[in-house]
Amino acid sequence: MSAIRAGQVGWIGTGKMGAPMASHLAAAGVAIQVFDTRPASYAALLGDRVLAADSIEQIGRGCDVVFTSIPDDSVLLSVIEGDGKHPGLAASMARGAILVETSTVSPGASQRASECLVAAGVRYVCAPVSGSTAIAQSGGLTVLASGDRTAWDEVEELLARYSARRFWLGEGDAARYMKLVLNTLVGATASVLGEALLLGERGGLTRADMMNVILESAVSSPLLKYKTDTVTGLDRSPAFRLDQMVKDFSLIIDAARNEDLELEVATLIFDQYQAANAEGRAGEDFFALVDWIGEAATGRQGSAG
């Protein structure tokens, strides 16, 4: 194991989003130490610029800037606070060091992480990303950022290596709420499109013809253009799985409840995703909800008949 060099960047979490994001930093000449509980996930990254670390603690002690890209709240808090056997980043990072957290997690968990880090003198930047795995691979993600502004000013150049757009949204967890706003709209698009296409199909239209018209209309969007092949059956490979959208909508609903809000439409859409998930579509692209809506409607008609 090579020693971590002073000033080196740490990266924790090299899944489908984290690995390409880290690779863009390495391609730009940034020296990186990586850690993941699944070494196979970063094997392809290793080289002169990317070295494997033995632990989260090693990365925390050796790096001035650490990025995390993790799956959920519990993993985030384990990485920050430790797991009872091994210290987390709050205990191992130096005072004045910077943690950039890029995942989709709840505002509540993010706030708890922030309080722990601030108490340890570590500067915290919430920087969740918007975009698919394909967009991550191309370096075109959108970064939503909030937290410690001085830290953001220091690290934005690094984030520019894997993103096309970056928005500074203020202090605290504003970026977390912005990500939930976007995910609400993204998830709702599949639901509304599913019902709209079902109506058109009953009227004799094909999905291909409808999508051609929709993409030339006032309701066209980059998302609909990107998902056209999925909707028409030309490409079924999942860019973002349906079970991941279930997780994101659970964050949306929980955040709303914590703010004493009842999101009626979002709750109905969440129910749709949960039903589709339970019926075997978990690993499909979340736009499989379009198919599920049509099948569910047909099933209801059959039962009524």
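The values are calculated or read from the model by the stated rules, or taken from the named source; none is laboratory data. Computed from a predicted model, the values in this text were never measured in an experiment. As a convention, Cβ positions derive from the backbone with ideal geometry for all residues, glycine included, and neighbour counts pool all protein chains shown.
General remarks:
- Selection from the range 269-283 of residues that are in a helix (DSSP H, G or I), in contact (Cβ under 8 Å) with a residue 24 or more places away in the chain and not hydroxyl-bearing (Ser, Thr, Tyr): 269, 270, 272, 274, 276, 277, 281
- Note on the range 259-300: among residues that are hydroxyl-bearing (Ser, Thr, Tyr) and farther than 20 Å from residue 224 by Cα, the one that is surrounded by the fewest Cβ atoms within 10 Å (Cβ to Cβ) is 298.
- When we screen 36, 48 for residues that are under 20 Å from residue 162 (Cβ atoms), at pLDDT below 95 and of a type in the set (Asp, Glu), the only hit is 48.
- Residue within the range 286-305 that is at pLDDT below 95, outside any helix (DSSP H, G or I) and on the phi < 0 side of the Ramachandran plot present: yes
- Taking residues in the range 232-243 that are modelled with pLDDT of 95 or more, and partners anywhere that are among the aromatic types (Phe, Trp, Tyr), the pairs with Cβ atoms closer than 6 Å and at least 6 places apart or on different chains are 242/286.
- Evaluated against (1) in a helix (DSSP H, G or I); (2) at pLDDT 95 or above; (3) not hydroxyl-bearing (Ser, Thr, Tyr), residue 99 falls short on exactly one condition, (1).
- Flag if residue 138 is touching an Asp or Glu at 6+ places or on another chain (Cβ under 7 Å) and not assigned by TED's automatic domain parsing to the domain that holds residue 245: no
- Residue within the range 99-111 that is without any contact (Cβ under 8 Å) to a residue 24 or more places away in the chain, assigned by TED's automatic domain parsing to the domain that holds residue 129, surrounded by fewer than 24 Cβ atoms within 10 Å (Cβ to Cβ) and over 29 Å from residue 29 (Cβ atoms) present: no
- Criterion (closer than 17 Å to residue 92 by Cα and either surrounded by fewer than 22 Cβ atoms within 10 Å (Cβ to Cβ) or in the same structural domain as residue 133 (by TED's automatic domain parsing) (or both)) met by exactly one of 49, 61: 61
- If you go through the range 19-49 and keep only what is touching a Phe, Trp or Tyr at 6+ places or on another chain (Cβ under 6 Å) and outside any loop (DSSP other than H, G, I, E, B), you end up with 21, 22, 24, 32, 34.
- Here is the figure for the range 77-117: residues that are of a type outside the set (Val, Ile, Thr), farther than 20 Å from residue 32 by Cβ and under 21 Å from the mean Cα position of the chain (by Cα) total 11.
- Members of the range 209-231 that are exposed (fewer than 13 other Cβ atoms within 10 Å of the Cβ) and in contact (Cβ under 8 Å) with a residue 12 or more places away in the chain: none
- Within the range 117-145, considering residues that are at pLDDT below 95 and among the polar types (S, T, N, Q), the one surrounded by the most Cβ atoms within 10 Å (Cβ to Cβ): 132
- Scanning the range 146-157 for residues that are assigned to a helix (DSSP H, G or I) and crowded, with 18+ Cβ neighbours inside 10 Å gives 151, 152, 155.
- Pick from the range 68-98, criterion charged (D, E, K, R) and buried (at least 17 other Cβ atoms within 10 Å of the Cβ), ranking: farthest from residue 183 (Cα to Cα): 81
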